[in-house]
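Chemist: Attaching a single structure in structure tokens format; questions to follow.
Rule-based calculations on the coordinates, nothing more; no lab input. Everything numeric in this text was worked out from a predicted model, so none of it was measured. So basically every Cβ, Gly included, is an ideal-geometry build from the backbone, and we count neighbours across all protein chains shown.
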Amino acid sequence: MYMSNSRREVRREAFERLEAAWETQASLAAMALNFQAGFRLSLYRNRGWDSVLKEPLARGRMQAATLEAMWSAVEAAVPGLLPYVAAKKRLLASIGSAGTTRRHPWARATARSRFRSRRLHQSSAGRFSADMAAFTEQALAQRWVEAENRPAKGAGAFCTGFPTHGETRIFMTWGGEYDHLMTLAHELGHAYHSWVLREAPYWCSVIP
């Protein structure tokens, strides 16, 4: 919330406080990262693997040449993407204050024509893919999203799939702010990915 505030000084203070908090755990974080890296290197050495990419490529069912081609395309597109990233930063900063004051009650989801947040998801998805918009409507209508903000429920969000049933579930804590709207859209994207793969063989539908 504070990192997307419209006031630059608020965003700066939030960033500096986050950095200061992590500084108090720097030694512990460094130790954890070193142990993880050491374990991975020892595992690869004992398995005779000479590249840290061997396992992720195998899990992703991808050839090294494909990965290199993808990164080459990304690098070539960077100059064109920079203006987009700059514009997005300005947009998020400008809507920050509006996002903290304008509320989007989740209860309106039961009234299809009244829930602006839901219509926003559907219209945005519909401009990109009619199938994605239809899936969004289905996921919300069938209550595949558990978003109640209740006592003792933690913040955050995640999406999990049930490949053998061809369904997904999204768990999040809805606070009624713009950031939560974007989080829901993000998780619905994961859910749609699983939906597209629902008829694929199990081992081809598991996201690595």
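Chemist: Note down the net charge around F171, summing +1 for each Lys or Arg and -1 for each Asp or Glu among other residues with Cβ under 9 Å from its Cβ.
Modeler: Summing Lys/Arg as +1 and Asp/Glu as -1 gives -1.
Chemist: Over the Cα atoms of region 14-85, Rg to Rh with Kirkwood Rh, two decimal places? Kindly include the intermediate steps, with their values, before the conclusion.
Modeler: On the way: Rg = 18.2 Å, Rh = 15.9 Å.
Expressed as Rg/Rh, it is 1.14.
Chemist: To make sure I understand, if each residue's beta carbon is the centre and we count other beta carbons within 10 Å, what order do H165, H180, H186 fall in, fewest to most?
Modeler: Starting with the residue having the fewest Cβ neighbours, the order is H165, H186, H180.
Chemist: Cross-link candidates for K54: which aspartates and glutamates have Cα within less than 20 Å, leaving aside residues fewer than 8 places away along the same chain?
Modeler: Within the straight-line limit of under 20 Å, K54 reaches these aspartates and glutamates: E68.
Chemist: List the trypsin sites (Lys or Arg not before Pro) within region 40-78 that DSSP assigns to loop and that have no more than 12 neighbouring Cβ atoms inside 10 Å. Please list the in-between numbers first.
Modeler: Details: sites: R40, R45, R47, K54, R59, R61; in loops: R61.
Those that pass, being in a loop and sparsely packed, are R61.
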